[in-house]
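A short write-up of the structure that comes next.
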Amino acid sequence: MPEFHGKVVIVTGGAQGIGRGICEAFAQKGAMVLCADVNAETGEALAADKESAGSGEILFQKGDVSLNSDCEALVATAVSNWGGVDVLCNNVGIQPADSYVPAHELKEDQWDRIIDVNLKSYFLMARLCIPELQKRGGGVIINTASVQGLQSAKGVAPYAASKGGILSLTRQLALEYAEENIRVLAINPGTIETPLVADAADGMGESLEGMKKIWGAVHPMNRIGQPSEIGNVAVFLASEGASFMTGEYVCVDGGMMAKGAWA
């Protein structure tokens, strides 16, 4: 049997980019994956792609996980369809092109939206999934943070704050629930080829291919990463192979943090 056969995984922001890579990685290990996203077109396309699901299953449900009601609906679907939740992958994240401004020029609603999606949703989903993990006798929460939670750059105040908050929340939840066999971990991706990165290139007035070369040169491995490379790490962290890991983060960044300064 595949390692995650019969396991139930929720992935937020799962329809494209890193989220899709995570959905596919778990499904190909036999998991039943509930993909949540606001983009119904890409989400439904993923769910219909049997090759992506491999030996598992991917179900899509539209939802804005910055809203508690949508989070409740997602957990309810996982429980009603498959009986519970084993792994929560809090992955959703936004960094709108118009938010790349100095902090004093940032509008309050821009700050609120990014924090609500990138950080508040992680709390909401954890709060609702933890009782289900307790019923299973344990489980795993994997949070997608960022190298920008460790070091930063100009013009990304709310994004950097949200990612730093995710790392702190990861540690706190890990300590809170360690005795209940609930492990909580984070992944810090470097630059990954996603629609968000494509939007960032567009916002700079540059082509994606041109910016891939520029951004790739910042990474010691001289390239940017792929969503599947994050998905593979998420699967490992949720596996028995990482059974003594909790409260920690893993940088999947082509060596950026080893370099010491990336911005």
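Report the one residue of ALA161, ILE58, ASN91 whose Cα lies farthest in the direction of the positive end of the charge dipole of the range 40-182 (charges on C-beta: Lys and Arg +1, Asp and Glu -1; origin at the Cα centre). Going by the charge dipole, the pick is ALA161. Applying the Kirkwood pairwise sum to the alpha-carbon positions of the range 98-152 produces a hydrodynamic radius of 13.6 angstrom.
Using only DSSP helix segments of four residues or longer, with each worth -39500 (n - 2.57), what per-residue ellipticity at 222 nm results for the chain after dividing by its residue count and rounding to 500?
-14000 deg cm²/dmol
The stretch between LYS107 and ALA198, if pulled fully straight at 0.36 nm per residue, gains 30.4 nm over its current Cα-Cα span.
Taken along the Cα-to-beta-carbon direction at a fixed 7 Å, the label points for MET257 and LYS213 span 3.0 nm.
Provide the per residue accessible area, probe 1.4 Å, for the chain, rounded to a whole number of square angstrom. Before the final figure, lay out the partial values.
On the way: 11750 Å² over 263 residues.
Here the residues of the chain average 45 Å² of exposed surface.
Note on the range 91-196: with neighbouring protein chains present and a 1.4 Å probe, carbon and sulfur make up 52 percent of its accessible heavy-atom surface. Structural size metrics of the range 1-111, computed from C-alpha coordinates, are Rg and Dmax of 15.4, 54 Å.
Here the spin labels are modelled as points 7 Å beyond Cα on the Cα-Cβ line, and at ASN222 and PHE236 they lie 2.3 nm apart. The C-alpha atoms of the chain define a longest principal axis, and helix 157-177 lies at about 30 degrees to it.
Here's the picture: a label point sits 7 Å out from the Cα of ASN39 along the beta-carbon direction, and within the range 1-26 the residues with their amide nitrogen under 20 Å of it are 10-26. Taking only Cα atoms, what is the 0 to 90° angle, nearest 10, from helix 121-136's long axis to the longest principal axis of the chain? The helix 121-136 is inclined about 20 degrees to the chain. Dipole orientation for the chain: of the candidates VAL117, GLY203, GLN172, GLN172 has the Cα lying most toward the positive pole (charges on Cβ; Lys, Arg +1; Asp, Glu -1). Applying a threshold of 29 Å to the alpha-carbon distances of LYS7/LYS259; LYS7/LYS62; LYS29/LYS135; LYS62/LYS120; LYS62/LYS107; LYS120/LYS213 flags LYS7/LYS259; LYS120/LYS213 as lying beyond it.
When each of the peptides 164-175, 56-67, 25-36 is scored by how many other beta carbons lie within 10 Å of its residues on average, the order from highest to lowest is 25-36, 56-67, 164-175.
The values are calculated or read from the model by the stated rules, or taken from the named source; none is laboratory data. These numbers come from a predicted model, not from an experiment. Counting neighbours? That spans all protein chains shown, and the Cβs are built from the backbone with ideal geometry, glycine included. Only protein heavy atoms, including side chains, enter the accessible area calculation; ligands, DNA and RNA are left aside. Shrake-Rupley method; radii C 1.70, N 1.55, O 1.52, S 1.80 Å.
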